[in-house]
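Beneath this line is the structure, given in structure tokens, with notes to follow.
The values are calculated or read from the model by the stated rules, or taken from the named source; none is laboratory data. From a predicted model like this one, the values you see are computed outputs, not experimental measurements. Please note: Cβ atoms are built from the backbone with ideal geometry, for glycine as well, and neighbour counts cover all protein chains shown.
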Amino acid sequence: MTEEQKEELVKKALEARQFSYAPYSNFRVGAALLSKGGQIITGCNIENAAYSPTNCAERTAVFKAVSEGIREFEAIAIVGGPGEELPKETAAPCGVCRQVLMEFCDAKEFQVLLGKGDGTWQEYTLEELLPLGFSLTKTEQE
Ligand code: THU
């Protein structure tokens, strides 16, 4: 992935954050998932009055993609923070989202870009964020 592609992905995550529905936590998150075919699928967090039906931005993006037949991914950018202003800090994906990414991504290769409102980011592999992650499909393939 080029630096320009990464920059673009972080920008798309920031744009997706505009659609965040977070009336309960006011923590607004956007994600942009890059498929191996070069498509960008965005997502935002979608909260619920009953709390547990809440869906994180990352899972929204993964589920949108998989439900449209896209299952191979290269990277995801995530931008999250409180309120309407641009996030000053990075927000890391929750454990459930890490596990969902594990289902479809090669943990050693897949890149997770944690973006900030100024367009900068920190990057990790999924393996760094989820060491010894659980997978049945990957065990079967070996
Ligand atoms: N959230 C995400 O969208 N992604 C994460 O990985 C962490 C948490 C959302 C869920 C909830 O709407 C809000 O942030 C506060 O937890």
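Observations on the model:
Yes/no per residue for (1) within 11 Å of the ligand (Cβ to nearest atom); (2) touching a helix residue (DSSP H, G or I) at 6+ places or on another chain (Cβ under 9 Å); (3) over 16 Å from Gly81 (Cα atoms):
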position: Phe19; (1), (2), (3): no, no, no
position: Asn26; (1), (2), (3): yes, no, no
position: Val29; (1), (2), (3): yes, yes, no
position: Ala32; (1), (2), (3): no, yes, no
position: Gly37; (1), (2), (3): no, no, yes
position: Gly43; (1), (2), (3): yes, yes, no
position: Glu47; (1), (2), (3): yes, no, no
position: Tyr51; (1), (2), (3): yes, no, yes
position: Thr54; (1), (2), (3): yes, no, yes
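- Scanning the stretch 54-111 for residues that are of a type in the set (S, T, N, Q) and closer than 24 Å to Phe27 by Cα returns Thr54, Asn55, Thr60, Thr90, Gln99, Gln111.
- Any hit, the stretch 91-104, residues being among the acidic types (Asp, Glu) and away from the ligand (no atom under 15 Å from the Cβ): yes
- The stretch 67-117, residues that are touching an Asp or Glu at 6+ places or on another chain (Cβ under 8 Å) and β-branched (Val, Ile, Thr): Ile76, Ile78, Val100, Val112
- In the stretch 15-28, the count of residues that are within 18 Å of Leu126 (Cβ to Cβ) and within 15 Å of the chain's Cα centre (by Cα) is zero.
- Pair list, Cβ < 7 Å and 6+ apart or interchain, from the stretch 22-37 residues that are farther than 18 Å from Pro53 by Cα and free of Cβ contacts under 8 Å to residues at least 24 places away in the same chain to residues that are more than 10 Å from the ligand (Cβ to nearest atom) and not in a strand (DSSP E or B): none
- Cβ separations smaller than 6 Å between residues 6+ apart or across chains give the following pairs from the stretch 90-112 residues that are closer than 22 Å to Lys11 by Cβ to residues that are of a type in the set (Lys, Arg) and at pLDDT 95 or above: Thr90/Lys116; Cys97/Arg59.
- Qualifying residue in the stretch 29-41 (condition: surrounded by 22 or more Cβ atoms within 10 Å (Cβ to Cβ), over 23 Å from Glu103 (Cα atoms) and at pLDDT 95 or above): no
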